[in-house]
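Enquirer: Here you go, one structure.
The values are calculated or read from the model by the stated rules, or taken from the named source; none is laboratory data. The shown structure was predicted, so the numbers you read here are calculated from the model rather than taken from an experiment. Every residue, glycine as well, gets a Cβ built from its backbone with ideal geometry; the counts of neighbours run over all protein chains shown. Note: areas computed on protein heavy atoms with side chains; ligands, DNA, RNA excluded. Shrake-Rupley method; radii C 1.70, N 1.55, O 1.52, S 1.80 Å.
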2 protein chains.
Amino acid sequence: MTAASPEPASSPSQPLGRSERKRRDMLAAAERMFLAGGYLGTNMDELAAASGVSKQTVYKHFGSKEALFVELVTTMTDATSEAVHRSVPSVEQVDDVGAYLEEYADRQLDAVMTPRILQLRRLVIGEVARFPELAEALHERGPVRAIESLSTVLTRLDQRGLLTVDDARLAATQFNWLVMGEPLNRAMLLGDRAIPSAAERREHVRRSVGAFLPAYAVR
Amino acid sequence: MTAASPEPASSPSQPLGRSERKRRDMLAAAERMFLAGGYLGTNMDELAAASGVSKQTVYKHFGSKEALFVELVTTMTDATSEAVHRSVPSVEQVDDVGAYLEEYADRQLDAVMTPRILQLRRLVIGEVARFPELAEALHERGPVRAIESLSTVLTRLDQRGLLTVDDARLAATQFNWLVMGEPLNRAMLLGDRAIPSAAERREHVRRSVGAFLPAYAVR
DNA sequence: ATTCAACGGAACTAGACAGTCCAGTTTGAT
DNA sequence: ATCAAACTGGACTGTCTAGTTCCGTTGAAT
């Protein structure tokens with residue numbers, strides 16, 4: 001490493017080196033273009049031009065179109081997973097289980113139902129045959145992680161006597177698809193115009209929790 | 001029309017004209033190749049060769065790559081929708097609601113969770129930006145139709161006093177995603193290896209109905 | 001001020017691909 | 001047998017694209 005004081009830090013990172021700045025620009029253009037045109041539909045000449053960078057520089061940084069695509073999708077998947085995970089509200093001072101689950105579901109929906117993330121999902125699904133490892137990563141960092149996280153929440157609610165949950169993973173999976181199934185499917189197939197408004201989200205979440213609770217209420 | 005006795009009928013259709021035979025071969029090759037390679041990843045020279053047909057013939061029949069793609073996907077969507085719709089068991093002599101719903105769900109899963117239909121879904125989702133009308137059609141003929149169909153079933157079960165269903169469409173939507181959500185998402189992202197076996201399907205369906213019934217049981 | 005890695009710009013390779021064209025052949029109905 | 005429609009095979013056009021190469025320029029650290 002070049003052993004300098006102004007290390008390319010993570011968060012604020014205002015003073016970026018030329019190389020890092022261009023790298024960021026290339027990834028930004030790659031995101032826009034791959035999400036809009038798909039893998040085959042994206043052109044490296046245009047991508048370089050849109051990045052304000054020469055083609056040479058793109059290949060110096062990423063090696064190939066495939067490698068750039070993989071890095072972009074992996075980065076987006078990881079970042080989104082982190083953001084979703086951070087938005088889990090604490091379960092310890094809960095008294096109204098219904099209200100808590102509604103807020104929980106609303107945050108999950110809010111994080112996932114954005115044009116950017118929905119298009120990432122479409123892109124990855126469409127490229128399952130060409131890039132199976134990206135789809136696997138999205139599955140792991142998306143639904144699997146969300147269900148695991150909810151699973152520990154439900155276990156805690158069971159321990160506190162607020163729910164009766166024998167199989168927490170099963171209950172979490174059911175809750176997840178009760179909440180996400182319809183909005184996600186609609187958005188996948190109908191495009192961004194099917195993204196529910198905040199009001200629609202709240203109503204949907206209310207009904208979903210209403211269907212979930214009878215199966216797991218305390219006897 | 002050519003006013004002949006051996007009209008190109010629908011079902012048995014053994015004696016096919018040369019033209020119709022070649023058309024069938026082209027659509028068969030198109031299905032294989034578009035499902036495997038996607039829209040941009042499929043090549044019309046190879047498609048003609050794989051169909052045992054000259055390129056000229058392909059363009060004579062379908063006009064363009066886009067038109068061939070649209071016709072193929074539309075045909076597959078419609079045919080699958082019909083097949084799923086035909087597999088709805090009658091509701092009239094039902095006494096055990098749980099067993100009936102389990103069978104209903106199992107048939108829906110059986111119809112949708114095939115490599116061919118799953119790959120069609122991946123393809124259409126990946127091409128939403130280029131062919132939004134195909135995605136809309138798949139949504140309409142797939143989930144919307146399934147939920148409508150189930151909705152009338154649930155209404156009938158409510159009328160017969162076997163369930164308490166105020167909002168049949170809501171209940172049908174919830175049932176649908178309780179059943180389809182997890183298997184469909186896994187299959188989309190993990191590929192055909194995630195298709196559940198008949199035994200896994202039955203177990204999953206049993207649990208799904210178990211979660212659904214408490215919310216809509218008769219009081 | 002110097003130095004060197006990174007960058008720009010642009011041409012270039014090597015191949016791919018949608019769609020057209022044309023001369024000659026096959027098919028199937030009359 | 002006749003004949004029109006459908007089909008073949010292959011060449012061809014125009015265009016596009018991933019990746020490379022070359023050479024002159026820039027910028028950041030010493």
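Enquirer: How big a patch of accessible area, both sides summed and in Å² to the nearest 100, lies buried between B and A at a 1.4 Å probe?
Expert: So the buried area, both faces added, is about 3100 Å².
Enquirer: What's the percent breakdown of Cα-Cα distances in the stretch B:65-215 across 10 Å bins, shortest bin first?
Expert: 10, 39, 33, 14, 3, 0
Enquirer: Another one. For B:Lys60, list the aspartates and glutamates whose Cα falls under 15 Å from its own Cα; do not include residues on the same chain fewer than 8 positions away.
Expert: Within reach: B:Glu20, B:Asp25, B:Asp45, B:Glu71.
Enquirer: Between B:Arg219 and B:Asn43, what is the spin-label point distance in nm, taking each point 7 Å from the Cα along the Cα→C-beta axis?
Expert: 6.7
Enquirer: While we're here: Could you tell me the center-to-center distance, by alpha carbons, between the stretch A:29-73 and the stretch B:142-167 in angstrom?
Expert: Value for the Cα centre distance between the two parts: 49 Å.
Enquirer: In peptide B:178-186, what is the residue-averaged number of other protein chain Cβ atoms found within 10 Å of each Cβ?
Expert: Average neighbour count from other chains, rounded to a whole number: 6.
Enquirer: What does the accessible area per residue of the protein assembly as shown come to in Å², with a 1.4 Å probe and no ligands, DNA or RNA counted?
Expert: 50
Enquirer: Still on this structure: Of A:Phe131, A:Ile147, A:Thr80, which is farthest along the charge dipole of the stretch A:79-219 in the positive direction, counting Lys and Arg as +1 and Asp and Glu as -1 at C-beta?
Expert: A:Phe131
Enquirer: Counting every Cα pair in the stretch B:18-63, what percent are over 13 Å apart?
Expert: I get 47 percent for the Cα pairs in the stretch B:18-63 exceeding 13 Å.
Enquirer: Also, I was wondering about something else. Between copies, how far does the label point of A:Ser19 sit from its twins, in nm, shortest first, when each point is 7 Å from Cα along Cα→Cβ?
Expert: Reported distances to equivalent positions: 6.5 nm.
Enquirer: A:Glu103 label points, 7 Å along Cα→Cβ, one per copy: pairwise distances from this copy to the rest in nm, shortest first?
Expert: Spelled out, the distances from A:Glu103's label point are 4.6 nm.
Enquirer: Residues of the stretch B:19-56 losing 30 Å² or more of accessible area relative to the isolated chain, 1.4 Å probe, heavy atoms only?
Expert: B:Leu40
Enquirer: State the volume of the convex hull built on the alpha-carbon positions of the protein assembly as shown, expressed per residue in Å³ and rounded to an integer.
Expert: Once divided by residue count, the hull of the protein assembly as shown is 194 Å³.
Enquirer: For the stretch B:65-215, which whole percent of the accessible surface, found with a 1.4 angstrom probe, sits on carbon and sulfur atoms?
Expert: 49
Enquirer: Something else about it: Which residue in A is nearest the A/B rotation axis when you measure from the C-beta atom, and what is the distance in Å?
Expert: It is A:Gly126, 1, counting Cβ atoms only.
Enquirer: Give me a single rounded figure for B:120-132: the average over its residues of other chain Cβ atoms within 10 Å of their Cβ.
Expert: 6
Enquirer: Another one. Which residues, if any, in the stretch B:195-219 lose at least 10 square angstrom of accessible heavy-atom surface (probe 1.4 Å) when the other protein chains sit next to their chain rather than the chain being alone?
Expert: With the partner chains in place, the stretch B:195-219 has these residues losing at least 10 Å²: B:Arg207, B:Ala211, B:Pro214, B:Ala215.
Enquirer: Could I ask something else about it? Within the stretch A:126-189, which trypsin sites (Lys or Arg not before Pro) sit in a loop by DSSP and count at most 13 neighbouring Cβ atoms inside 10 Å?
Expert: Those satisfying the criteria are A:Arg160.
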